[in-house]
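Q: Structure provided below as structure tokens; questions to follow.
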Amino acid sequence: MSNDLPLRFDPLLFANRGRQLAGNIPVQDMPRLMELAPNSDGEFYVTMAFSMSSLQFPMVKGTIEGEIVQSCQRCMGNAAVPIKGQFQLLLITPDSLELASEEGHEIFEYEGQVITTATLIEDEIILSIPIVAKHADVEKCESSVKQWMHEFDEVPTDEKENPFAKLKDLKL
């Protein structure tokens, strides 16, 4: 990791101090993400702002920006999938789960005293990945797929019959 982001952090300490962090996390630091996007070698820009919730639980609010490479489900070629998201999480231990659920925020549960930054960010990135990866523009797909997709676009409109046209002949 680079910039301001620590490898691990104490959520209670950071929330009490109102810490604000920003930096980059390489995709290689997130093994579960690498399983979903093995061709990605980029990094994600992350911002994190810590505070205390109304019931005095540590809370983090942040943003994630970057992209991963996945297989386009149209052409099976590589497609850069942009990831841009925001998150707001209560950081709690298992013994606080019941009370924290009353706050109504999304919960990140951890054990021990510290959280690994890459694990928290990796969870949020995985939740932001689209269910079906594809090129944003069909023109970026391989040529055989482009030709196949354009065949559906070239249906002449004058040959389409109105399904209600025959109803006018059925006047009572």
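Q: Across region 125-138, what is the total count of residues that are surrounded by 15 or more Cβ atoms within 10 Å (Cβ to Cβ) and either more than 14 Å from PRO31 (Cα to Cα) or acidic (Asp, Glu) (or both)?
A: Residues that pass the stated criteria total 6.
Q: Give just the number: which of (1) under 22 Å from LEU55 (Cβ atoms); (2) surrounded by 19 or more Cβ atoms within 10 Å (Cβ to Cβ) does GLU122 not satisfy?
A: Condition (1) is where GLU122 drops out.
Q: Taking region 61-70 on its own, how many of its residues are surrounded by fewer than 16 Cβ atoms within 10 Å (Cβ to Cβ) and more than 23 Å from GLU103 (Cα to Cα)?
A: Matching residues across region 61-70 total 1.
Q: Name the single residue that is farthest from GLU111 (Cα to Cα) among those in region 32-60 being touching a residue at least 60 places away in the same chain (Cβ under 8 Å) and either of a type in the set (Ser, Thr, Tyr) or surrounded by fewer than 22 Cβ atoms within 10 Å (Cβ to Cβ) (or both).
A: Among those that are touching a residue at least 60 places away in the same chain (Cβ under 8 Å) and either of a type in the set (Ser, Thr, Tyr) or surrounded by fewer than 22 Cβ atoms within 10 Å (Cβ to Cβ) (or both), it is LEU36.
Q: Continuing with the same structure: Which condition breaks for ALA100 when tested against (1) in contact (Cβ under 8 Å) with a residue 40 or more places away in the chain; (2) under 19 Å from the mean Cα position of the chain (by Cα); (3) buried (at least 17 other Cβ atoms within 10 Å of the Cβ)?
A: (2)
Q: Ok, one more. For residues that are at pLDDT 90 or above and farther than 20 Å from GLY112 by Cβ, scanning just region 1-20, find the one that is surrounded by the fewest Cβ atoms within 10 Å (Cβ to Cβ).
A: That would be GLY18.
Q: Can you find even one residue in region 46-58 that is modelled with pLDDT of 90 or more, over 21 Å from GLN86 (Cβ atoms) and not hydrophobic (A, V, I, L, M, F, W, C)?
A: The first filter runs over region 46-58 and keeps only residues modelled with pLDDT of 90 or more, leaving 46-52, 58.
This time we only want the ones that are over 21 Å from GLN86 (Cβ atoms), so: none.
Scanning region 46-58, I find no residue that is modelled with pLDDT of 90 or more, over 21 Å from GLN86 (Cβ atoms) and not hydrophobic (A, V, I, L, M, F, W, C), so the answer is no.
The values are calculated or read from the model by the stated rules, or taken from the named source; none is laboratory data. Quick caveat: nothing in here was measured; it's all calculated off a predicted structure. Note that each Cβ is placed from the backbone with ideal geometry, even for glycine, and that neighbours are counted across all protein chains shown.
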